[in-house]
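Undergrad: Dropping a structure here in structure tokens format, bear with me for questions.
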Amino acid sequence: MKTRTLQRDKVNIITLGCSKNMVDSEVLSGQLKANAIDVVHESTKKDHNIVVVNTCGFIDKAKEESVNTILDQVALKKKGRLDKVYVTGCLSQRYREDLEKEIPEVDAWFGTMELPLMLKKFEADYKAELIGERLLATPQHYAYLKISEGCNRTCAFCAIPLMRGGHVSRSIEDLVKEAEGLVRRGVKEIMLIAQELTYYGLDLYKQRMLPELLHRLADVKGLEWIRLHYAYPSKFPLEILDVMRERPNICNYLDMPLQHASDNMLKAMRRQITRAEMTELIHTIRQRVPGICLRTTLIAGFPGETEADVEELKGFLQEHRFDRVGIFSYSHEEGTSAYGLADDVPAEMKQQRAQEVMEVQQEISYEKNQEKVGRVFRTLIDKKEAGRYLGRTEFDSVEVDNEVIVQSEEKLPIGEFVNVRITKAYDYDLEGEVVSAS
């Protein structure tokens, strides 16, 4: 390939969006490395000559960030600091034709499932025997494990099936093999991700197989924490809860996006569940797995949402007191069934409603954190910043949840567990001191 000098190509991969994209970038990195191509992830050294931007196209803000990142890289190419700019991921999958016209300086565009095609641009071969081999972009003590691709759900607001297609499960054997490989490389925590975890196995095995997968992963020696992200509440397979309770290395943590609490909104969003059914499910989860941490995600400003709907949502949070909550302002996405509805909640009102909901949750989070003061928690040390260590308990996932700020005169090894007594609590973080190694 043509370069400015006789030096070998060096590829920098920039990843935007969710952890599923991160895994895709790690897989691409692994394939390039296996083909003897120099590859880095989000390098700041500026010593690369090719950039791959892995884009997100989920909501307006994500699309804007993706386009701006592409334009930044194209500007570097125009200045002669890059030879090639390639774009992949969800935005490219969804808007390729428009983007090709708008940004012709990009050398090639690829969809979400076109890794072999992209590798051809590097005169590289797709190596099927490398399934599960990735060049981790995360610290070496934790990693994401994508158990399926796509989604068969028909939620009115969601464009993911347009970009990622229908649900396709990976085999239990491949996933266990990948988990074993990650543990050999020092990974202690694996976060299971999918667009929809609970659907796992229906396509391959004709039944929901997440409980069986969890048992098999829990048997992997050296795997300390297994964490579940993105479980759909409708037809939730309750057997999962029995496995969580029985297996000590499955975190008492469940990320289950509910999106709303008003029956009007749940119906309009096509969530296939009512408020009463959600309430029953939450009670069952907490009964079967005492002390579980429940995280949920909500949407503010869906078409037709009224002040009464917002008040009901606030009341729902006060009733159920979730441990963790995230909220998005509704984004009107073409191609979704909700796109046919009038986007009738003004942007400022969406933000205001989201703020009101989070103020309710902030108080709940503060109260729940105060209850932890004086207790000792097994804590995984993630990093050291500004002279203090930052870690997480089993009730906290990476980047989205609480951190434990640990003061220690002694050096603490990154990626290891210590027991920490909580001495102070804030809205979203805890402070503590080491009482012993774990």
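The values are calculated or read from the model by the stated rules, or taken from the named source; none is laboratory data. Predicted model, so just to flag it, every value in this text is computed and none were measured. Virtual Cβ from ideal backbone geometry, glycine too; neighbours counted across all protein chains shown. Please note that ligands, DNA and RNA were not included when accessible areas were found on the heavy atoms of the full protein model with its side chains. Shrake-Rupley method; radii C 1.70, N 1.55, O 1.52, S 1.80 Å.
Undergrad: Can you tell me which of 418, 398, 404, 376 is in contact (Cβ under 8 Å) with a residue 60 or more places away in the chain and either more than 30 Å from residue 312 (Cβ to Cβ) or open to solvent by less than 20 Å² (accessible area, probe 1.4 Å) (or both)? Step through it out loud before you land on a result.
TA: Working: 418 fails: in contact (Cβ under 8 Å) with a residue 60 or more places away in the chain; 404 fails: in contact (Cβ under 8 Å) with a residue 60 or more places away in the chain; 376 fails: in contact (Cβ under 8 Å) with a residue 60 or more places away in the chain.
Just a single option satisfies the conditions, and that option is 398.
Undergrad: Looking at 67, 51, which one is of a type in the set (A, V, I, L, M) and either in a strand (DSSP E or B) or in contact with a Lys or Arg (Cβ under 7 Å, 6 or more places away or on another chain) (or both)?
TA: Details: 67 fails: either in a strand (DSSP E or B) or in contact with a Lys or Arg (Cβ under 7 Å, 6 or more places away or on another chain) (or both).
Answer to the check: 51.
Undergrad: How many residues does region 138-151 contain that are assigned to a loop (DSSP other than H, G, I, E, B) and either open to solvent by less than 40 Å² (accessible area, probe 1.4 Å) or among the acidic types (Asp, Glu) (or both)? Spell out the reasoning first.
TA: If we filter region 138-151 for residues that are assigned to a loop (DSSP other than H, G, I, E, B), which is where we start, we get 138-141, 147, 150-151.
Remaining after also requiring either open to solvent by less than 40 Å² (accessible area, probe 1.4 Å) or among the acidic types (Asp, Glu) (or both): 138, 141, 147, 150-151.
Counting residues in region 138-151 that are assigned to a loop (DSSP other than H, G, I, E, B) and either open to solvent by less than 40 Å² (accessible area, probe 1.4 Å) or among the acidic types (Asp, Glu) (or both) gives 5.
Undergrad: When you scan region 73-88, do you find a residue that is polar (S, T, N, Q) and part of a helix (DSSP H, G or I), even just one?
TA: Applying the first criterion (polar (S, T, N, Q)) to region 73-88 yields 73, 88.
Cutting the leftovers down to part of a helix (DSSP H, G or I) gives us 73.
Looking for residues that are polar (S, T, N, Q) and part of a helix (DSSP H, G or I), one finds at least one in region 73-88, hence yes.
Undergrad: Quick one: in region 107-148, of everything that is of a type in the set (Val, Ile, Thr) and under 19 Å from residue 39 (Cα atoms), which residue is farthest from the chain's Cα centre (by Cα)? Let's see the steps before the verdict.
TA: Here is the first cut: in region 107-148, the residues of a type in the set (Val, Ile, Thr) are 112, 131, 138, 147.
Okay, now just the ones that are also under 19 Å from residue 39 (Cα atoms), so 131, 138.
Numbers: 131: 21, 138: 13 Å.
Looking at residues that are of a type in the set (Val, Ile, Thr) and under 19 Å from residue 39 (Cα atoms), I get 131.
Undergrad: Can you tell me which residue within region 217-265, out of those that are assigned to a loop (DSSP other than H, G, I, E, B) and acidic (Asp, Glu), is farthest from the chain's Cα centre (by Cα)?
TA: We begin by selecting, within region 217-265, every residue assigned to a loop (DSSP other than H, G, I, E, B); these are 219-224, 229-238, 247-249, 256-258, 260-262.
Checking which are acidic (Asp, Glu) leaves us with 219, 224.
On the way: 219: 24, 224: 20 Å.
The qualifying residue farthest from the chain's Cα centre (by Cα) is 219.
Undergrad: For region 154-194, which positions are of a type in the set (D, E, K, R), open to solvent by 30 Å² or more (accessible area, probe 1.4 Å) and either touching a strand residue (DSSP E or B) at 6+ places or on another chain (Cβ under 8 Å) or in contact (Cβ under 8 Å) with a residue 60 or more places away in the chain (or both)?
TA: Filtering region 154-194 down to residues of a type in the set (D, E, K, R) leaves 164, 170, 173-174, 177-178, 180, 184-185, 188-189.
Filter once more, keeping what is open to solvent by 30 Å² or more (accessible area, probe 1.4 Å): 170, 173-174, 177, 180, 184-185, 188.
Of everything in region 154-194, those that are of a type in the set (D, E, K, R), open to solvent by 30 Å² or more (accessible area, probe 1.4 Å) and either touching a strand residue (DSSP E or B) at 6+ places or on another chain (Cβ under 8 Å) or in contact (Cβ under 8 Å) with a residue 60 or more places away in the chain (or both) turn out to be 170, 188.
Undergrad: Filter region 267-289 down to the residues that are farther than 18 Å from residue 253 by Cβ and either polar (S, T, N, Q) or touching a strand residue (DSSP E or B) at 6+ places or on another chain (Cβ under 9 Å) (or both), then identify the one that is most open to solvent (accessible area, probe 1.4 Å).
TA: 272
Undergrad: Does region 232-249 contain any residue that is of a type in the set (A, V, I, L, M, F, W, C), crowded, with 19+ Cβ neighbours inside 10 Å, over 26 Å from residue 297 (Cα atoms) and touching a strand residue (DSSP E or B) at 6+ places or on another chain (Cβ under 7 Å)? Reasoning before the result, please.
TA: Taking region 232-249 as the starting set, the residues that turn out to be of a type in the set (A, V, I, L, M, F, W, C) are 236, 238, 240-241, 243-244.
Within this subset, residues satisfying the condition of being crowded, with 19+ Cβ neighbours inside 10 Å are 236, 240-241, 243-244.
Restricting the remaining residues to those that are over 26 Å from residue 297 (Cα atoms) gives none.
No; the residues of region 232-249 include none that is of a type in the set (A, V, I, L, M, F, W, C), crowded, with 19+ Cβ neighbours inside 10 Å, over 26 Å from residue 297 (Cα atoms) and touching a strand residue (DSSP E or B) at 6+ places or on another chain (Cβ under 7 Å).
Undergrad: Could you give me the residue pairs with C-beta distances under 8 Å whose first residue belongs to region 27-53 and is over 25 Å from residue 131 (Cα atoms), whose second residue is β-branched (Val, Ile, Thr) and crowded, with 19+ Cβ neighbours inside 10 Å wherever it lies, and which are 6+ apart or on separate chains?
TA: 48/11
Undergrad: Consider residue 13 carefully, then state whether it is crowded, with 21+ Cβ neighbours inside 10 Å and not in a helix (DSSP H, G or I). Show your work before the answer.
TA: Working: crowded, with 21+ Cβ neighbours inside 10 Å: yes; not in a helix (DSSP H, G or I): yes.
Spelling it out, residue 13 is indeed crowded, with 21+ Cβ neighbours inside 10 Å and not in a helix (DSSP H, G or I).
Undergrad: Kindly check whether there is at least one residue in region 66-86 that is in contact with a Gly (Cβ under 9 Å, 6 or more places away or on another chain) and open to solvent by less than 60 Å² (accessible area, probe 1.4 Å).
TA: Within region 66-86, the subset in contact with a Gly (Cβ under 9 Å, 6 or more places away or on another chain) is 66.
Next, from what is left, pick out any that are open to solvent by less than 60 Å² (accessible area, probe 1.4 Å): 66.
Yes, region 66-86 contains a residue that is in contact with a Gly (Cβ under 9 Å, 6 or more places away or on another chain) and open to solvent by less than 60 Å² (accessible area, probe 1.4 Å).
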